[in-house]
Amino acid sequence: MPSSPVPRLRADVSGLPRYTPGRVAPSDLVDKLSSNENPFAPLPSVIAALHGELERVNRYPDAANGALVTRLSGRLGVPPEHVVPGAGSLGVTADLLCAAVGEGDEVLFAWRSFEAYPRLVWAAGATPVQIPLRDERHDLDAMADALTERTRLVVVCNPNNPTGTAVRRGELERFLDRVPGDVPVVLDEAYREFVDDRDVPDGIALQRDRPNVVVLRTFSKAYGLARLRVGYAVAHPPVADALRACAVPFGVNGLAQAAALASLDAEPELLHRVETLVAERARVTRGLRAAGWSVPDSQANFVWLRLGTRTAAFADACLAAGVMVRPFGEEGVRITVGTPEQNDRLLKIAGDLRA
Ligand code: PMP
């Protein structure tokens, strides 16, 4: 047989770093505090909406996400044309990169931040420019200093994954004032609903008179729909139109649309759960500090321990005791806030391990 030619792909793709998701829990008995998921089971009303939708899986979903767009637009007080749902906020991020960047362009963001950013940027053919955190927080001055003519997109993850720290209104506004108006700035607010510091700005309010600012939100965390993959951008028309142009058609499936709508109907109940998690975050932070661990103030549904070379040993010891946390190299571990019982178990382990 003649040797067949190797399929020709983009030359820069073969070396791309792979996204490393949290490990799959080895059993249901393990408390999975490694993926920033919502620990509470879906509400019966959401499950009922999903059942209704199951009868229609032979049909394509609404490609325009009409009902969801109308609903979000009313809820957020923004025009419907500014709302663009996507397959999780990750899907929207990929669409935005597709719309905004290409070879030779730079995408600026803090590091460490959300794991997926570098990979998505490389996949879009652009170059990540990663500005180290300072004291576990975005160093917005250093980020502004790193802007170049090639910067085509900036991402501010607020609160930041995995450190949980949040940038405040004044510093963010000063930073946005330094970014040229033709450079889109993404405020990734995947954890917005967990913010209880009033000085942390609501991105939707901030972007109203800043046409280059794009806010990303998701149903994965506070609303507990991570497996269904639905998030959205709020953006001004040129960006929103470009997002719609670049999105894979039918990217948000019908189950996801129905569950997102049912979740908006059940918002008071879901936000009550968020309050529980925020109170638990404070308790977990206090408990860890009391045991000697150093924990930055978190505004998200997780806390961060910078453990350096002890990272893997800490994560392994937690797993051996039945709690899965998320190690990051030799930097630290991120621990998702779980149910009160799960958090009790985590605090017991961390207390036994001792700082
Ligand atoms: N942004 C940040 C900062 C995240 O931590 C995550 C999830 N880990 C996402 C986006 C992705 O969320 P989604 O499930 O909506 O794609």
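Data for the structure
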read-out: Residues that are open to solvent by 10 Å² or more (accessible area, probe 1.4 Å), within 14 Å of the ligand (Cβ to nearest atom) and either in contact (Cβ under 8 Å) with a residue 60 or more places away in the chain or more than 13 Å from the chain's Cα centre (by Cα) (or both), drawn from the range 192-219; value: GLU193, VAL195, ARG217
read-out: The listed residue being closer than 24 Å to ALA260 by Cα, in a loop (DSSP other than H, G, I, E, B) and of a type in the set (A, V, I, L, M), out of VAL57, VAL46; value: VAL57
read-out: Criterion (away from the ligand (no atom under 16 Å from the Cβ) and under 27 Å from GLU189 (Cβ atoms)) met by exactly one of ASP95, ASP62; value: ASP62
read-out: Qualifying positions in the range 226-236 - farther than 17 Å from ASP62 by Cβ, more than 8 Å from the ligand (Cβ to nearest atom) and touching a residue at least 24 places away in the same chain (Cβ under 8 Å); value: ALA233, VAL234, ALA235, HIS236
read-out: Hey, ARG345 open to solvent by 70 Å² or more (accessible area, probe 1.4 Å) and either in contact with a Leu (Cβ under 8 Å, 6 or more places away or on another chain) or without any contact (Cβ under 8 Å) to a residue 24 or more places away in the chain (or both) or not; value: no
read-out: Count of the range 1-40 residues which are open to solvent by less than 100 Å² (accessible area, probe 1.4 Å), within 20 Å of the chain's Cα centre (by Cα), within 25 Å of PHE194 (Cα to Cα) and not hydroxyl-bearing (Ser, Thr, Tyr); value: 9
read-out: Filter result (among the polar types (S, T, N, Q), out of contact with any Gly (no Cβ under 8 Å at 6 or more places or on another chain) and under 30 Å from VAL156 (Cβ atoms)) within the range 47-102; value: ASN65, THR70, SER73, THR93
read-out: Test: VAL239 is under 19 Å from the mean Cα position of the chain (by Cα) and either within 16 Å of the ligand (Cβ to nearest atom) or modelled with pLDDT of 95 or more (or both); value: no
read-out: Condition broken by VAL323, with the remaining ones in (1) under 25 Å from LEU29 (Cβ atoms); (2) surrounded by fewer than 18 Cβ atoms within 10 Å (Cβ to Cβ) satisfied; value: (2)
read-out: Single match in GLY292, GLY287 (criterion: surrounded by fewer than 22 Cβ atoms within 10 Å (Cβ to Cβ), under 21 Å from ASN38 (Cα atoms) and of a type in the set (Gly, Ala, Ser)); value: GLY287
read-out: Top-ranked residue in the range 106-132 [being within 14 Å of the ligand (Cβ to nearest atom) and closer than 24 Å to ASP177 by Cβ; ranked as most open to solvent (accessible area, probe 1.4 Å)]; value: TRP111
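The values are calculated or read from the model by the stated rules, or taken from the named source; none is laboratory data. All values derive from a computational prediction rather than experimental measurement. Don't worry about glycine lacking a Cβ; one is built from the backbone with ideal geometry, like all the others, and counts go over all protein chains shown. To get the accessible areas, we keep the full protein, side chains included, count just its heavy atoms, and leave off ligands, DNA and RNA. Shrake-Rupley method; radii C 1.70, N 1.55, O 1.52, S 1.80 Å.
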